[in-house]
Amino acid sequence: MLDAAVDGSGGESEAPAAVDLDSLKALAHPLRVRILHVLTTRGPQTASSLATALGESTGSTSYHLRQLEAKGYIAEDADRGTARERWWRRAIDQVEVWTKELADAPEGRAATATVLGAWTQHDAALLAAYIAGGEERYDEPTLDAARVSSRSATLPARELRRLTRDVERLIRERLAAAAAASPADPDEPVHRIQIQFNAFPID
């Protein structure tokens, strides 16, 4: 699963939406994956701010934004827009980019590998940056709240599925509760976060 939107309602939906081959192939471009990743992790952006963040030209980011909009991955954020510049936001919640139907087609397998490979590469870069500079950048309450950990175990497939779905459900519930809660104490540190959860066979 590609991940859950961070700017939505908290991702209460149990079932992620599966994309068709045509939509997946449209996403399977390294810069489009990177654009969607930035919109997910940093929130709404303009073509200009994306160009600066990604080291690309505004013409290039504008073109790829239009391709992503055509397939419903992103939408214009009209509340932020001005007469001079359009803002864009992620328009999807959970997206399933691996299904049996996609895996049965060589084009589907290739597109899935491209999308997931690029997405996880960008996730890993965020984690590496936090590990390298987090101690200097964040205060003690934030560092104490964050967690970087891994654990290995031996599980049958049914228990692995139960584990992953339970964790995903807990994440959705906590995000929804946080979105509905009263505003935070003004003295409490508030940060944009990313949740990385990986569980997979290694034998």
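The values are calculated or read from the model by the stated rules, or taken from the named source; none is laboratory data. As the structure is a computational prediction, the values presented were derived from the model and not from experiment. Glycine also receives a Cβ, built like all others from the backbone with ideal geometry; neighbour counts cover every protein chain displayed. To get the accessible areas, we keep the full protein, side chains included, count just its heavy atoms, and leave off ligands, DNA and RNA. Shrake-Rupley method; radii C 1.70, N 1.55, O 1.52, S 1.80 Å.
A few notes on this one:
- Rounded accessible area of residue 89 (nearest 10 Å², 1.4 Å probe): 100 Å²
- What the chain shows is 65 Å² of accessible area per residue, with the surface traced by a 1.4 Å probe over protein heavy atoms.
- Helix screen, the chain: DSSP H segments with Cα axial length of 20 Å or more and mean Kyte-Doolittle hydropathy at least -1.0 are 106-137, 157-180.
- Relative contact order for the chain, counting Cα pairs under 8 Å that sit 6 or more residues apart, in percent: 29 percent
- Residue 82 - accessible surface, heavy atoms, 1.4 Å probe, Å² rounded to 10: 90 Å²
- Residue order for 63, 130 - accessible surface, 1.4 angstrom probe, largest first: 63, 130
- Helical contribution to [θ] at 222 nm, DSSP H n ≥ 4, -39,500 (n - 2.57), averaged over the chain, rounded to 500: -17000 deg cm²/dmol
- Alpha carbon convex hull of the stretch 147-203, projected area averaged over orientations, nm²: 5.1 nm²
- Rule-of-thumb Rg ratio for the stretch 52-93 [Cα; 2.2 N^0.38 Å; N residues]: 1.18
- With all protein chains in place and a 1.4 Å probe, the accessible surface of the chain carries 51 percent carbon and sulfur.
- As computed over the stretch 38-145, the Cα convex hull volume per residue (Å³): 162 Å³
- Ordering 90-99, 179-188, 137-146, 67-76 by mean Cβ neighbour count within 10 Å, with the highest value first, yields 90-99, 67-76, 137-146, 179-188.
- When the alpha carbon gyration tensor of the chain is reduced to an equivalent ellipsoid, its three semi-axes come out at 27, 25, 17 angstrom, largest first.
- With R₀ fixed at 35 Å, the C-beta to C-beta distance from residue 86 to residue 132 puts the FRET efficiency at about 0.55.
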